[in-house]
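One structure below.
What follows is calculated from the coordinates using simple rules that are stated; it is not laboratory data. Keep in mind it's a predicted model, so treat the numbers as computed, not measured. Here the Cβ is made from the backbone with ideal geometry for all residues, glycine too, and neighbour counts use every protein chain on show.
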Amino acid sequence: MDSTQLLKGVLDLAVLAVVDAEDGYGYDIVRRLRRGGLEDIGDASVYGTLRRLYAAGLLTSYVVPSEAGPHRKYYGITPSGRGELKRQGEDWRRFATSVTTLLDHPQGAIA
Amino acid sequence: MSEHSTDVRSEVLAFVARVRDLMTDLPPDERQELTAGLEADLSELVAEHGAEALGDPGDYARELRTGAGHPPVAVRRVREWALPAAAMEALDAAHAHWDRLLDSLPGDLRGFLTALRPAWWVARAWVAWMVTQDLRGPYVFLDGLWLVVLAAYVVVSVQLGRRAWRVDRLLTTSVAARLLLVGLNLSAVGLLPGAADNLAWHVAEERGWQVYGDVAVDDGNAVTYQGGQACVLEVRDLQGRVIEGAYVWDATGERTLPMNVDAC
């Protein structure tokens, strides 16, 4: 199955989780997501998601100037972002458990 | 900086500029937010995987826009007349040019100016307040009601700056609103020195009152007596009757003195 479709639904959650672990700039967050197993993630999708989450007040951002090159824009999580992460995380775990149970015991779904 | 790294940088800059050009339908702030930091991120991508990793700017812009919750491609704004459309395009182009100019300068000038924006929102509200005071009369009032007016101006100015109250939508659809905002900002810049001067004059006057007390200001045409302004001058005859139509000339004999000051 094409994991890109699955990713769309959980990208917000994955990004919030990564930023919650540690503040990071765009490409650093992309790298951490890929290292975490989401190899197919597109960096522009992540940057767009970061912007959207920032606009929704779930992330904060600050610029770190660099003498060697262009400045970097870092993102951190806000208290409401942490709340959203908790909520979405619970939803995801419930959903994943249901699907796993369904896959393991498909007969159980027959009434 | 080596020739190679210069080439890479210009390639990244051109890519970012192309991506930005594909977002001109978005409000300037949104476009700026979406592409700020892109240069650093893409430079790192290129350093790791080579320039070919940049790919197609069109695909990149589509992905970026979708991720941020915008339509994948620029939506042509519905405009009724050709002239406003052309003006809007010109404003977009001027804004994009300004962005590129700031980015081409050394240091994080754009970041610096962005950090200053809230201060400007407050400053322009204050200028508008001073202009309102000026329209009302020659004195600057710092009492409760005027402070409430100032607070209201600050709220409106900050909300405009934050593009709240659906201002962002208005600015992407109405060239008149956009031109009005540009005009108001330019007016505020022009009026800022006068407003500062007016306030400085007011502060000096206040201090003068504190030091010298309530002394009528000699505006060149007021008659003062024992520190206060003489509001009414009357010429009387030996029997004490007021002589109507009489005038008093000053010591120089060059001008008559005000006989009855209504505003006194």
The ³J(HN,Hα) series, computed from each phi in the stretch B:142-149 with the Karplus coefficients 6.51, -1.76 and 1.60 at θ = phi - 60°, rounded to the nearest Hz and given as x for glycine or proline, is 10, 7, x, 4, 5, 5, 5, 4
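Under a point-charge model restricted to the Cβ atoms of Lys and Arg (+1) and Asp and Glu (-1), what is the dipole moment magnitude of the protein assembly as shown relative to its Cα centre, in debye to the nearest 20?
Charge dipole, the protein assembly as shown, about its Cα centre: 1080 debye, nearest 20.
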Let me test this: with uniform point scatterers at the alpha carbons of chain B, what is the Debye-based log₁₀ I(q)/I(0) at q = 0.11, 0.13 1/Å?
-0.81, -0.99
So between residue B:224 and residue B:74, what do we pick up on full extension, going 0.36 nm a residue minus the alpha carbon distance?
46.9 nm
Below 8 Å, C-alpha to C-alpha, sequence gap of six or more: please give me the relative contact order for the stretch B:105-213 in percent.
32 percent
Run lengths n ≥ 4 of DSSP H only: what is the helix-derived mean residue ellipticity at 222 nm for the protein assembly as shown, with -39500 (n - 2.57) per run over all residues, to the nearest 500?
-21000 deg cm²/dmol
Bins of 10 Å from zero: percent of alpha-carbon pairs in the stretch B:1-80
18, 48, 25, 8, 2, 0
Ignoring the sites themselves, what is the longest stretch of chain B with no GluC sites (Glu not before Pro) in a DSSP loop and at most 15 other beta-carbon atoms within 10 Å?
B:81-233
Using unit Cβ charges (K, R positive; D, E negative) and no other charged atoms, how large, in debye to the nearest 20, is the dipole of chain B about its Cα centre?
760 debye
Please name whichever of B:28, A:46, B:161 sits farthest to the positive end of the charge dipole of the protein assembly as shown, dipole taken about the Cα centre and charges placed at Cβ: Lys and Arg +1, Asp and Glu -1.
A:46
When B:243, A:41 are ordered from fewest to most other Cβ atoms inside 10 Å of their Cβ, what list results?
B:243, A:41
Amide hydrogen neighbours beyond the local backbone of residue A:24, cut-off 5 Å, H modeled:
A:75
Does the stretch B:19-65 classify as rounded, prolate or oblate by the C-alpha gyration tensor (a ≥ b ≥ c root eigenvalues; a/c under 1.5 gives rounded; else a/b over b/c gives prolate, otherwise oblate)?
oblate
If the convex hull is drawn through the Cα atoms of the stretch B:69-185, its volume per residue in Å³
164 Å³
Spatial extent of chain A: Rg and Dmax, with the Cα atoms as the point set, Å:
16.6, 66
So what is Rg over Rh here for the protein assembly as shown, counting just Cα atoms and using Kirkwood for Rh?
1.23
Quick calc: nm separation of the 7 Å Cα→Cβ label points for residue A:100 and residue A:82 -> 2.7 nm
Not counting the cut sites, what is the longest span of chain B without chymotrypsin sites (Phe, Trp or Tyr not before Pro) that DSSP labels loop and that have at most 15 other Cβ atoms within 10 Å?
B:166-246
List the longest stretch of chain B that has no exposed loop site; here a site is one of the trypsin sites (Lys or Arg not before Pro) assigned by DSSP to anything other than H, G, I, E or B, with at most 16 other Cβ within 10 Å.
B:80-161
